[in-house]
Ligand code: SF4
């Protein structure tokens with residue numbers, strides 16, 4: 001039986017060698033009093049951004065009520081759990097723990113009682129100066145209950161100077177360095193905030209029945225019925241109150257923006273619009289550019305589903321080599337609460353993928369994948385294709401080699417864990433057992449996106465848009481020794 005939301009749950013991760021999505025955030029300011037149900041379905045549309053925990057906080061104008069727990073959205077919220085969450089203002093969060101382990105105390109939204117009334121915060125991103133900010137709070141006598149830097153944001157905001165939350169935000173935002181797309185719940189308003197570099201996405205749309213919604217991805221806004229939406233601009237604060245959306249320029253956007261390229265490559269759903277580009281179309285173009293940069297003679301192009309499917313279509317279109325499916329993916333087994341037996345564990349990715357031998361047998365196969373991070377799954381996938389009868393296996397990757405860790409809220413592991421930090425491309429090809437291997441280069445990737453700059457490519461180049469301490473322990477449990 002699955003553990004309930006309130007039990008401490010152990011998850012077995014079968015997504016294996018993927019950069020981990022950061023988190024999904026959602027906010028609604030509605031003219032109805034039944035906003036929690038809409039928040040639930042909005043969070044469902046953001047489930048792929050965080051599968052370890054979920055939560056919703058609702059305000060009725062006076063009090064804030066919260067329900068949150070460890071697990072998937074439909075495990076945390078059971079029939080009846082939404083009933084007490086009455087009110088017209090809500091924020092929600094799906095979490096993959098980037099800083100702070102996956103324990104109950106780190107589950108968001110954080111809600112604290114302040115001198116100015118209740119305050120709830122849900123955060124997507126990672127502050128690179130969280131250690132210093134935590135130390136300052138502790139020196140001032142603040143009691144920290146969690147090991148996540150999102151609590152640091154909430155406590156700094158609670159103690160800031162200003163006549164209202166917008167002024168308090170403007171007072172503390174300049175001291176926050178790194179990635180933050182935030183939704184904030186006060187007694188009578190909802191506020192959306194995006195860092196001045198624009199690392200992580202955040203959009204706002206108009207609800208059909210009145211009011212507004214904010215979400216990490218535009219697809220979630222469409223799920224809620226918003227027909228149009230716009231990005232919360234880097235450095236902008238959007239205040240949602242009484243059916244009105246008011247924009248406050250808290251900080252100027254940085255001259256060099258730093259949108260996360262991985263939103264196009266892997267994180268966002270294909271129905272999301274990021275930087276004005278439909279993600280499905282961006283992936284298709286990445287595949288087309290990959291075909292031009294790394295052509296090879298072959299009989300069929302297959303994707304590693306799902307995120308690589310549009311790119312494989314693009315590679316097929318540009319190369320003239322037929323596209324087909326070679327893997328069938330079990331879409332429901334990304335994370336399971338049941339530990340596999342040792343025999344099943346040895347099967348690794350075979351628990352998640354089966355091959356379609358009739359589409360592969362006797363053929364020269366091009367496999368399109370979105371990334372190779374640790375290199376642990378590629379060799380297993382290639383072995384499966386060979387066992388299905390492929391004569392040759394050529395691997396093509398829709399991004400450059402990942403050579404440096406992310407300090408902005410994506411868990412890719414440390415330098416030691418990144419295979420492209422240790423090995424050159426031909427060595428990686430040998431290691432994974434491919435006949436050939438080609439990565440899209442940074443210039444070709446940006447050409448495919450139709451952009452010259454404005455993106456963070458630090459994990460491909462090692463050049464960080466915000467100074468980072470390269471020796472920093474980026475493990476998500478780094479504060480857990482302090483708080484047990
Ligand atoms: S380092 Fe990579 S994953 Fe992290 S924000 Fe930059 S592009 Fe995205």
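Out of 208, 196, 174, one residue alone is modelled with pLDDT of 95 or more and surrounded by fewer than 16 Cβ atoms within 10 Å (Cβ to Cβ). It is 174. Being more than 16 Å from the ligand (Cβ to nearest atom), touching a strand residue (DSSP E or B) at 6+ places or on another chain (Cβ under 6 Å) and on the phi < 0 side of the Ramachandran plot holds for only one residue in 158, 171, and it is 158.
Within the stretch 274-288, can you find the residues that are outside any loop (DSSP other than H, G, I, E, B), over 19 Å from residue 23 (Cβ atoms) and within 18 Å of the chain's Cα centre (by Cα)? Residues satisfying the conditions are 277, 278, 280, 282, 283.
Let's see how each residue does on (1) buried (at least 22 other Cβ atoms within 10 Å of the Cβ); (2) without any contact (Cβ under 8 Å) to a residue 12 or more places away in the chain:
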{"position": "358", "(1), (2)": "no, yes"}
{"position": "364", "(1), (2)": "no, no"}
{"position": "371", "(1), (2)": "yes, no"}
{"position": "377", "(1), (2)": "yes, no"}
{"position": "414", "(1), (2)": "no, no"}
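Within the stretch 381-427, how many residues turn out to be part of a helix (DSSP H, G or I) and either within 16 Å of the ligand (Cβ to nearest atom) or under 25 Å from the mean Cα position of the chain (by Cα) (or both)?
Of the residues in the stretch 381-427, 7 are part of a helix (DSSP H, G or I) and either within 16 Å of the ligand (Cβ to nearest atom) or under 25 Å from the mean Cα position of the chain (by Cα) (or both).
Do we find a residue being closer than 18 Å to residue 303 by Cβ, modelled with pLDDT under 90 and in contact with a helix residue (DSSP H, G or I) (Cβ under 9 Å, 6 or more places away or on another chain) anywhere in the stretch 393-405? Outline the logic, then answer.
As a first pass, look at the stretch 393-405 and keep what is closer than 18 Å to residue 303 by Cβ: 393-399.
If we keep only those that are modelled with pLDDT under 90 too, we end up with none.
No: the stretch 393-405 contains no residue that is closer than 18 Å to residue 303 by Cβ, modelled with pLDDT under 90 and in contact with a helix residue (DSSP H, G or I) (Cβ under 9 Å, 6 or more places away or on another chain).
The values are calculated or read from the model by the stated rules, or taken from the named source; none is laboratory data. Quantities reported herein were computed from a predicted structural model and do not represent experimental measurements. Neighbour counts are summed over all protein chains in view; Cβ atoms, including those assigned to glycine, are modelled from backbone coordinates with ideal geometry.
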